[in-house]
Each structure stands twice: as C-alpha cells, then as structure tokens.
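Data block below; observations after.
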Amino acid sequence: MRLGDLYEPTFPKEAIPNPFVVSEHWKPAIEAMVELARKGAEEKGGPEYEPDVRAEGAPSSAGDGMLPDLHLGLGGARGTHTNRQVLENRLLSALLNKLSTVDMLDEIRDEDGNFPAREFVVKMDKDGEAMNRPCQLVEALIASGHDVKACTAIRTTTFGLALSVKDDEEWTGIPLAVVLRTGLQTEKGENIPFCLTHSSVEFYFDGPLLKGLLIQFFHDATGTAIFCSGHYPDAPWSVDAKTHPLPDPVSAVRTAGLLGCVINSTASARSLFLGGYGTLGVCNDSAATVELALTGKTHVYPLMAEAMAEMPNDVHPIPSTMEDTARRMLSSLPEVPVFKNMEDTRRMLKEEFGI
C-alpha cells in the first residue's frame, strides 16, 4: 500500500517526493511517466505512445486451425480514459494509498527503507496545510473547486478475460460471464441464475486540475486492498455499472483507507495467501463493507466473507436471509441486460419475492 501503485512501470521515486506539493509536483510526475511510457513503446518497437488519446486494445490470437479469427482481448475497443488520464488516475491513487498508511506506520517501511515508516504528507501549495490522511486531500480538492462524487459500483466480471473476433478489418466483441448457482430457486425448483459481479467504491473527480478522473477502491485479486485507476475498455458489458450513490465522498475515502489498512495489516500479520483475498473476502466484500458502514445497508451481491458480524453472507443462503439476498441480487443487475439470463433473473426475483 505504501508503494502506492500496482502497475509497471511505476512512478520513479523522485516523482513522488515526501512531502508532495500538488502545485509543484503533480505535472512533473505525470510528464516523467509520459516519458517512461514513450521510451517503453520505442524499446518494444510498437506504435508510438500518445498521451492524449484513448488507447486501443491489442488482442492476441486465441485460435488454432479451427478458430483462426478468435482473439483474447477486446479488439477495436478504446479505453474510457486517455493515456494521460490513466496516469493521473494512477498518481491520485498513489497519493491516497500512501496517505492511508498513516494508521499502520509501525508495521511498514517507507520509500527510503525507514522502519517504522515516516508519515507521508501532501500539501496543495508549498506553504499550505500539511495533510497526512486521504480524506484531508479530498477535502482540499473540494475546497479548490473540484466536484467529487462517491458511489458503490457493481459490474459483470470475467476477471479480465475478454474475447473478440476479427472479420476482415472489423472487430466484434464477445460478451462473457461466469454464471453462479445462487441457491435460490423458484417454486418449480428452477435455479435463479446470476452473472458474477465485481464491485468497488468509486470516486469521480472533476475540476481545475483533475478532469474526469475515476478512482476505485477494492480488495484486489493480487492480494492488496487499495485505491487504483478506474479505466476500462469502452465496451458496454465491460464499463457499464449499476451504481448506488454514497452520501459523503470524504467519509467514503476515509472509511476505504481505514479498511485497506485493516485488510492489509491482518493479511501481512497472519501471512495469508494472496494477501487474504478470499479468506478476508473479495472485491465485493470490501465495497460492501464501506457501503454498509456509511449507509447501514449494502446493495452488493454476492458476498463471501464470514468474518464481518453485520455483513450478509451468500455462501450458504438460508430461508431467513433469502429476501435480503434477492434484494441485493436485483440491485446488482445492470439496468440494460447483456445476457438473456439477466432478464430471467430479474423476472424470477420479482415473481418469487415480490420485489
């Protein structure tokens, strides 16, 4: 979490000094990464890196003699953000992550190898207030004229797997899903299906400096509960989310940062496999925990963590909780169904549970 950024190559150490002064260090940090990306593209012999365009995916062949046109990845789909915006998403995420470690300094090393770690500090201006928590940075961005919104976002997921077919020069994306056996049935004994979801707490920033940025918080499958960039391939089944607004972005980022410390600290102290991913819950559980803490209920389905006293659990559905399970299933479905079974799920839930 103190490293700040999970992507490679990451920001050079000198690009994110401590303290980080937004008015002085933001733009140079982005330009340093732009230069790294340009050099990387040149070394690989690929197309030139263009910071102000939305990158297009580069699928690789997945077929053999029988399926020569099948490819892994979404061909023809550009990203939801320009390359520069992705770097800005990453930089803001890194600052939020580094600030969040203030509650676990005695457990980690800082960028210079100090143990316990020194607290990480951000200032808006050289003579401005020193901030050592992520919520303070969000408050300062709001005060400087930025619009900040927070929500719980739920999307159909395939853990990054995507397929497309190339016909001449045209690409056609293939929607995919992982269909669950939910444990809920109709009176006729039919299983009520559900397409597996990925959930996150999302923060949208727009203003004088940060224009159209999207940050997510969730417990990642690589094993870290962390803030990260919210860019996606711009395909409806990939990017469209069922969202549920959270009342206060400052409280949301504070709660997410604290939860990240709890998950990462517990996983490290107990040497949990994959940073506790699975044992301490998955992406859905981390997003639902923040939503539950702020609003008293959650819309997320499915939930798998068994360690949260007030959290629903969908691993072993029981009659007394099925109505709430059905409510969360319905509130996790996309507004525009991608698959026929999503329409079936909505119909079955409404018929069986009257919701």
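The values are calculated or read from the model by the stated rules, or taken from the named source; none is laboratory data. Keep in mind that what you see is a predicted model, and the values were worked out from it rather than measured. Glycine also receives a Cβ, built like all others from the backbone with ideal geometry; neighbour counts cover every protein chain displayed. All accessible areas refer to the heavy atoms of the entire protein, side chains included, with ligands and DNA or RNA removed. Shrake-Rupley method; radii C 1.70, N 1.55, O 1.52, S 1.80 Å.
Rg(Cα) of region 240-286 divided by 2.2 N^0.38 Å?
In units of the globular-protein estimate, region 240-286 measures up at 1.36.
I want to check the label-to-label distance for Arg38 and Thr172. Put each point 7 Å from Cα in the C-beta direction and report it in nm to one decimal.
About 4.1 nm, to one decimal.
Apply 1/(1 + (r/R0)^6) to the Cβ-Cβ distance of Leu72 and Thr186, taking R0 = 45 Å, and write down the FRET efficiency to the nearest 0.05. Write down the numbers at each step before the final one.
On the way: r = 36 Å, r/R0 = 0.81.
Once the sixth-power term is evaluated, E becomes 0.80.
What are the extents of the Cα atoms of region 160-256 along their three principal axes, listed from largest to smallest and rounded to whole Å?
The principal-axis extents, from largest down, are 52, 47, 26 Å.
On each of the three principal axes of the Cα atoms of region 169-323, give max minus min coordinate, whole Å, ordered largest first.
Rounded to whole Å, the extents work out to 57, 52, 32 Å.
Could you sort Ile318, Ile108, Ile192 by accessible area so the largest value comes first, with the probe set to 1.4 Å?
The ranking, largest first, comes out as Ile318, Ile108, Ile192.
Counting pairs of alpha carbon atoms under 8 Å apart in space and at least six apart in sequence, what relative contact order in percent does region 147-269 give?
Numbers: 191 pairs, mean separation 36.8, N = 123.
The value is 30 percent.
Looking at the P(r) of region 103-195, how many percent of alpha-carbon pairs lie beyond 15 Å?
Working: 3391 of 4278 pairs.
The calculated P(r) of region 103-195 puts 79 percent of pairs beyond 15 Å.
I'd like the distance separating the alpha-carbon centroids of region 1-36 and region 250-327, in whole Å.
31 Å
Looking at this model, which pairs from Lys149/Lys340; Lys27/Lys123; Lys39/Lys123; Lys27/Lys211 are more than 22 angstrom apart at the alpha-carbon?
Checking Cα-Cα distances, Lys149/Lys340; Lys39/Lys123 exceed 22 Å.
Determine the relative contact order of the chain: mean sequence separation of Cα pairs under 8 Å and six or more apart, normalised by residue count, in whole percent.
It rounds to 17 percent for the chain.
List the relative contact order of region 301-355 as a percent without decimals, with contacts defined as Cα pairs under 8 Å and 6+ residues apart.
Over region 301-355, the number comes to 28 percent.
So how long is each side of the chain along the principal axes, counting just the alpha-carbon atoms, biggest first, in Å?
Cα spread of the chain along its principal axes, largest to smallest: 68, 55, 41 Å.
Phe115 versus Leu274, label points 7 Å from Cα toward the beta carbon: distance in nm?
With each label placed 7 Å out from Cα toward Cβ, I get 2.8 nm.
Where does each of Glu202, Glu351, Glu56 land when they are ordered by accessible area, with a 1.4 Å probe and the largest first?
Ranked from most to least accessible, the order is Glu351, Glu56, Glu202.
Largest first, how would Thr243, Thr222, Thr345, Thr266 line up by accessible area (1.4 Å probe)? Numbers along the way, then the final one.
Numbers: Thr243 70, Thr222 95, Thr345 0, Thr266 45 Å².
Sorted descending by solvent-accessible area, the residues read Thr222, Thr243, Thr266, Thr345.
HN-Hα J couplings of region 230-236 from phi, Karplus 6.51/-1.76/1.60, θ = phi - 60°, integer Hz, Gly and Pro as x?
Working through the residues one at a time gives x, 8, 9, x, 7, 10, x Hz.
Residue separation times 0.36 nm, minus the C-alpha to C-alpha distance between Ile318 and Lys350: what's the value?
Length difference between fully extended and current span is 9.6 nm.
Carbon and sulfur: what percent of the chain's accessible surface (1.4 Å probe)?
53 percent
What number comes out for accessible area per residue over region 42-91 if the probe is 1.4 Å? Units Å², please.
Accessible area per residue, region 42-91: 61 Å².
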